[in-house]
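**Student:** Dropping a structure here in C-alpha cells format, bear with me for questions.
Just so you know, all these numbers are worked out from the coordinates, no wet-lab data involved. Note that the structure is predicted; figures quoted are calculated from it, not measured. Note that each Cβ is placed from the backbone with ideal geometry, even for glycine, and that neighbours are counted across all protein chains shown.
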Amino acid sequence: MPNYRAHTLFGFLLAALLAGVVTACVPVTAPATSVELGDAATPAKSSTTEDPAVANPDADSLAVGIVLPSQYVYWTRNAAQLAEQLAAANLSTEILYSQESSATEKTNVETLLAKGAKVILITPVDAEAAAAAAAAAKAGGAHVIAYDRLIRGTDAVDFYVAFDNNAVGAAQAQYLVDAATGAGNPLYLYAGATFDNNAFQFFEGAWSVLQPKIADGTFVVENSSAAADFQGHATLTSGEMAEILDQITTNWDLYDAESMALADLESAPPDGKDKVFVLAPNDGIARTIAKVFADDPNVTSYVITGQDGDRESIQFIIDGMQSMTVLKDVRKLAAMAVGAASAFVDGQAPPTTATFNNGVIDVPANPAAVTVVDRTNVKDAIIDSGYYPAGDFTGLD
C-alpha cells in the first residue's frame, strides 16, 4: 500500500474510526435507503456513554497497558470492552487517554512501562508521531500492538489489531452505487483527517467502487475538482489521493463538516441538488451533514453513509435521517486485541492473516470483518445481537 503521509495538520479530533486494509467489499443484500425529506420523524434525544471505571489493582504485575487517543464515546466503548475481556482473561490492565496529544501519548506509554507493562496497545493520535511512543515501548521491553489505527514509520510495532478499513470504504461506496439509477447523480465526498492513516484507507476502498461510476457518468462529483480530474484513474497515487483528501477533509471535526456541507450546497448548481448521494466517513460526520442537507429546500432526498454504529446514528437510521452505517463491533476488536496480548504474554505470536506496510515494515495483522446496517436489518444487527438494548431507541418495529 502507498506510504500516505500527512499533508495537512488540523485541529481537534472529535470522531474516529477505525483501521484495516485488505480486500473486498462487504456485500449489501438489502436495497439502499434514500432519505426522503419531509417523511422523517424527529430524531430521539442523543444518549451518551459514560467513561468506564478502569483501574489496575496490582501495578507490580501489570500485564497490558492501553493508550487511547481521547474519551470520545467510541474510545470509551472500546475501553469498557477491553477492560472486561482482559479481566476475564486474568490479565491486569490500566487504560490511559492521550487527550489528542502525541506528547501525552508518549508520556502515557512511559507511565505504563514504569509499572511493568508487558504489552502496550496504542491507538495513535497521529500515525507518524506515534512512532516515538512505539519505539519507547519497544525499548522498554514491551510488545507493541497498534490498536484500530496503524502506527507508521517505525519497526517497533509487533502486531496490528483493526477492522478491514478498505472494506469499510468499499461498503459505503457500494451502498451509494446500489441506490443510484440513471446518470448525472450529484455526489458529495467527505473524508476524515489527513493525519489519520485510516482516512486514506477508507477513501481508497470507496474510490475503488465509486471511480467506475464517476467515469461512466452515473455520478457527478460536486465538491472536489481533484476527484473530477482523476475520475479516469482506477488507482490513485499517494499524491493524487492526498490532493483529493485535502479538498474534502473534515478533520474529523463536526464544525468543519457542517461548514463544508453548507458551503458545498451554497455553491452547487441547481442540478447538483435534488436527489443527492453523500459519502460521509463516519457517523458523527454523517449526522452533521445530514442535518445540513435536510435543511436545504432544494434537496428532495439524500443517501448518506456512515461508520461505527454510534447509538445516535442507529436512531437516525430508524428515523430515516441516515441511510446506513458500517458497524464495527468493538466486542470483536477487543477480543482480537485480548487474544493477541495473551499470546505475547505467553511468549507466543498471535495468528496472522494479513500484513500492512507502515512505511518501514510489514506489520502482522488479522483484520476483523464489518457489517452494513440500515433500516432493513437494524433490529437483527443491533438489538438481537446484543450490541445495544431495544430500550435505547424509539420507533423500532
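**Student:** Could I have the simple spin-label model distance between Ser385 and Asn298, label points 7 Å from Cα toward Cβ, reported in nm to one decimal?
**Tutor:** 3.9 nm
**Student:** May I pose another question? Please report the spacing between the Cα centers of the range 161-218 and the range 222-280 in Å, no decimals.
**Tutor:** Each part reduced to its Cα centre gives a spacing of 11 Å.
**Student:** On a 21 Å Cα-Cα criterion, which of the cross-link pairs Lys106/Lys328; Lys291/Lys332; Lys118/Lys138; Lys332/Lys379; Lys328/Lys379 come out too long?
**Tutor:** Where the Cα-Cα span goes over 21 Å, the pairs concerned are Lys106/Lys328; Lys291/Lys332.
**Student:** Could I ask something else about it? P(r) for the range 158-209: what percent of alpha-carbon pairs falls in each 10 Å bin, starting at zero?
**Tutor:** The percentages, shortest bin first, are 23, 47, 22, 6, 1.
**Student:** Report the Stokes-Einstein translational diffusion coefficient (µm² s⁻¹, integer) for the range 256-384, Rh taken as the Kirkwood radius over Cα pairs, at 37 °C with viscosity 0.692 mPa s.
**Tutor:** 192 µm²/s
**Student:** Local charge sum around Arg149 (other residues, Cβ-Cβ under 12 Å, Lys/Arg +1, Asp/Glu -1)?
**Tutor:** Around Arg149, the surrounding residues sum to -4.
**Student:** Next question. If I take all pairs of Cα atoms in the range 350-395, what percentage of them are more than 12 Å from each other?
**Tutor:** Tail of the P(r) past 12 Å holds 71 percent of the pairs.
**Student:** Something else: Straight-line reach from Lys213: which lysines have a Cα under 19 Å away, not including same-chain ones fewer than 8 places off?
**Tutor:** Lys273, Lys275
**Student:** Another question, then. For a test of the definition: using alpha carbon positions, the gyration tensor, and the 1.5 limit on a/c, classify the range 61-117 as rounded, prolate or oblate.
**Tutor:** oblate
**Student:** Could you please report the charge total around Asn185, scoring K, R as +1 and D, E as -1 over all other residues with beta-carbon less than 13 angstrom from its beta-carbon?
**Tutor:** Neighbour charge sum, excluding Asn185 itself: -2.
**Student:** Return, ordered by residue number, the residues of the range 210-240 whose backbone nitrogen is under 19 Å from a label point located 7 Å along Cα→Cβ of Ala183.
**Tutor:** The answer is 210-222, 228-233, whose backbone nitrogens lie closer than 19 Å to the label point.
**Student:** Using a 10 Å cut-off on Cβ atoms, rank the peptides 358-369, 199-210, 184-195, 83-94 from the highest mean neighbour count down.
**Tutor:** 199-210, 184-195, 358-369, 83-94
**Student:** All other residues with a Cβ under 12 Å from the Cβ of Ala354 taken together, and with Lys, Arg as +1 and Asp, Glu as -1, what is their net charge?
**Tutor:** Counting the neighbours of Ala354, the net charge comes to -2.
**Student:** How large is the charge dipole for the range 191-318, taken about the Cα centre, if only the Cβ atoms of Lys, Arg (+1) and Asp, Glu (-1) carry charge, to the nearest 20 debye?
**Tutor:** So the dipole magnitude of the range 191-318 works out to roughly 360 debye.
**Student:** On to the next question. May I ask you to work out the translational diffusion coefficient for the range 236-322 at 20 °C, viscosity 1.002 mPa s, via Stokes-Einstein with Rh from the Kirkwood sum over Cα pairs, reported in whole µm²/s?
**Tutor:** 158 µm²/s
**Student:** For a paramagnetic label modelled at 7 Å from the Cα of Leu396 toward its Cβ, which residues of the range 363-390 fall within the zone defined by backbone nitrogen distances under 19 Å?
**Tutor:** Residues 371-390 fall inside that zone.
**Student:** Just want to confirm a number: the relative contact order over the range 102-165, from Cα pairs under 8 angstrom separated by 6+ residues, in percent.
**Tutor:** Computed value for the range 102-165: 31 percent relative contact order.
**Student:** Extension gain Ala343-Glu258, at 0.36 nm per residue separation less the Cα-Cα distance, in nm?
**Tutor:** 26.2 nm
**Student:** Order of 281-290, 134-143, 333-342 by packing, highest average Cβ count within 10 Å first?
**Tutor:** With the highest mean Cβ count within 10 Å placed first, the list reads 281-290, 333-342, 134-143.
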